[in-house]
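Read the structure below first, then the notes.
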Amino acid sequence: MTSRVRNAYASGHLTATELDALILGNVFASGNAAARPGQVCAVAGRAIFDDDPAAVDLLLGLWGGEAVYWATHESTALAARLRTLGKPSTVVVNLRLPRPVLRPVALQALRRASPAVARDLW
């Protein structure tokens with residue numbers, strides 16, 4: 001993450017002030033990353049993108065991903081700046097998971113709360 005931010009600065013896409021804010025305020029520098037090393041997060045299905053795109057606005061709308069945009073929580077100017085950089089993208093992963101992935105009780109609750117997500121999972 002740090003190298004990505006430093007590269008953006010070296011390429012002229014970030015100012016020195018923006019670089020400092022992102023390096024000092026990212027999720028790793030803030031001490032909120034204990035469970036993150038080696039972690040990859042995924043969304044099951046595309047229902048969230050279709051039904052509630054605002055829920056993924058920060059993730060896809062601000063350059064650098066969650067680890068970087070963590071630093072913008074107190075700076076709307078920095079968040080606005082990150083919206084001008086890069087292009088949002090998604091990666092599709094085809095995982096073969098044993099069924100059921102969720103315990104039956106959890107799947108039933110999910111079906112009631114979000115039928116589209118449950119449909120994508122099952």
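Under the condition of being modelled with pLDDT of 80 or more and surrounded by 14 or more Cβ atoms within 10 Å (Cβ to Cβ), which residue from segment 40-50 is nearest to Leu78 (Cα to Cα)? For segment 40-50, the residue satisfying everything is Ile48. Can you tell me which residues in segment 15-28 are in a loop (DSSP other than H, G, I, E, B) and without any contact (Cβ under 8 Å) to a residue 12 or more places away in the chain? Thr15, the sole residue that qualifies.
Looking only at residues in segment 56-87 that are exposed (fewer than 14 other Cβ atoms within 10 Å of the Cβ) and at pLDDT below 80, the one that is farthest from Arg4 (Cα to Cα) is Glu74.
The values are calculated or read from the model by the stated rules, or taken from the named source; none is laboratory data. Here the structure is a predicted model, which means the values were calculated and not measured. A quick note on method: Cβ atoms are made from the backbone with ideal geometry, for glycine too, and the neighbour counts reach across all protein chains shown.
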